[in-house]
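K.L.:
Sharing a structure, written as structure tokens. Questions coming.
The values are calculated or read from the model by the stated rules, or taken from the named source; none is laboratory data. From a predicted model like this one, the values you see are computed outputs, not experimental measurements. Cβ placement follows ideal geometry from the backbone for every residue including glycine, while neighbour counts extend to all protein chains displayed. Heads up: the accessible areas ignore ligands, DNA and RNA and are worked out on the full protein's heavy atoms, side chains in. Shrake-Rupley method; radii C 1.70, N 1.55, O 1.52, S 1.80 Å.
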Amino acid sequence: GEYPIPDSHGQGELIEVKNTDELAERFLKLTMQIIEGKPAFEDCQNGVTNFSMDPGIKDAVVLLPSLNWKITIPTGNQVSRQALPAGWNETTQLQRFSVLNVPIKSDLVGKWSINSGNSSSCASVFLDPGLQLRVSKKMTLTAGKSNQEITGLIVNSDGSKANLSAFRSI
């Protein structure tokens, strides 16, 4: 391609979907990627996603391609739309899709299994550890300059120093 893009050229992406919920799912997933980054877990077999939740995670957002989902949490209990634990919040509900916000407490650390309720689609899990990078006030970064060293501290959302050993990978 050319840059800058000439006026005679268009740009964009053709998205083919079977229904409006599929299109909504694409945009919800894109919005979550902008806010939280790439999904932490979205690999699954036959609509079931298995993973382990790290102890340092503050919140999780689960995009579910069905309203018929079931989540088995580390205690062995099952969660469904009809039986949401206190604090869990279903923020978006479309005809074939929902978004679930989950505050991660100590009893939720460990192995999870999410059955999306749709054997041909997977749940996408986005994680927020609540960490922030606090850089030195004397820091100067130059746009376009490579190999710049950044010094600072990684802190929890309350400002306390983060315990990075709580995470499997950083």
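K.L.:
Can you list residues whose amide H is under 5 Å from I104's amide H, if they're 5+ apart or on another chain and H is modeled 1.01 Å from N?
P.N.:
D59, A60
K.L.:
Then there's this: At 7 Å along the Cα-to-beta-carbon direction for both D107 and I15, put a label point, then send me their distance in nm to one decimal.
P.N.:
3.7
K.L.:
Mind checking which of N77, L63, Q148 is farthest towards the positive end of segment 57-170's charge dipole, using Cβ charges of +1 (Lys, Arg) and -1 (Asp, Glu) about the Cα centre?
P.N.:
My answer, from the dipole projection, is Q148.
K.L.:
Moving on. Please report, as a whole percent, how much of the solvent-accessible surface of the chain comes from carbon and sulfur atoms (probe radius 1.4 Å).
P.N.:
Result for the chain: 48 percent of the exposed heavy-atom area is carbon or sulfur.
K.L.:
Can you tally the net charge around V135? Count Lys and Arg as +1, Asp and Glu as -1, for every other residue whose Cβ sits under 15 Å from the Cβ of V135.
P.N.:
+3
K.L.:
With θ taken as phi - 60° and the coefficients 6.51, -1.76 and 1.60, list the Karplus ³J(HN,Hα) couplings across segment 139-146 in order, rounded to whole Hz; mark glycine and proline as x.
P.N.:
So the J values, rounded to whole Hz, are 5, 10, 10, 10, 4, x, 8, 8.
K.L.:
Quickly rank 67-73, 159-165 as a protection proxy: mean count of other C-beta atoms within 10 Å, highest first.
P.N.:
Averaged packing, sorted descending, gives the order 67-73, 159-165.
K.L.:
Can you tally the net charge around A86? Count Lys and Arg as +1, Asp and Glu as -1, for every other residue whose Cβ sits under 14 Å from the Cβ of A86.
P.N.:
Local net charge: -1.
K.L.:
Follow-up question, since we're still on this one. In whole Hz and in residue order, list the ³J(HN,Hα) couplings for segment 72-80 that follow from phi through the Karplus curve 6.51 cos²θ - 1.76 cosθ + 1.60, θ = phi - 60°; x for Gly and Pro.
P.N.:
Whole-Hz 3J(HN,Hα) from phi for segment 72-80: 9, 9, x, 6, x, 6, 9, 10, 9.
K.L.:
When N counts the residues of segment 1-124, how does its alpha-carbon radius of gyration compare numerically with 2.2 N^0.38 Å, as a ratio?
P.N.:
My calculation over the Cα atoms of segment 1-124 gives 1.24.
K.L.:
Calculate one ³J(HN,Hα) per residue across segment 48-56 by plugging θ = phi - 60° into the Karplus curve 6.51 cos²θ - 1.76 cosθ + 1.60, and present them in order as whole Hz with x for glycine and proline.
P.N.:
For segment 48-56, the Karplus curve yields 10, 10, 10, 6, 10, 8, 6, x, x Hz.
K.L.:
Would you please give the FRET efficiency between F167 and T92, computed as 1/(1 + (r/R0)^6) with r the Cβ-Cβ distance and R0 = 22 Å, to the nearest 0.05?
P.N.:
0.20
K.L.:
Here is a further query. Among the lysines, which have Cα under 26 Å from the Cα of K18 when same-chain residues fewer than 8 positions away are ignored?
P.N.:
Those lysines meeting the cut-off are K29, K38, K70.
K.L.:
Provide the per residue accessible area, probe 1.4 Å, for the chain, rounded to a whole number of square angstrom.
P.N.:
67
K.L.:
Same structure again: Could you size up the charge dipole of segment 15-106 around its Cα centre, putting +1 on the beta carbon of Lys and Arg and -1 on that of Asp and Glu, and report it in debye to the nearest 20?
P.N.:
Dipole size: approximately 180 debye.
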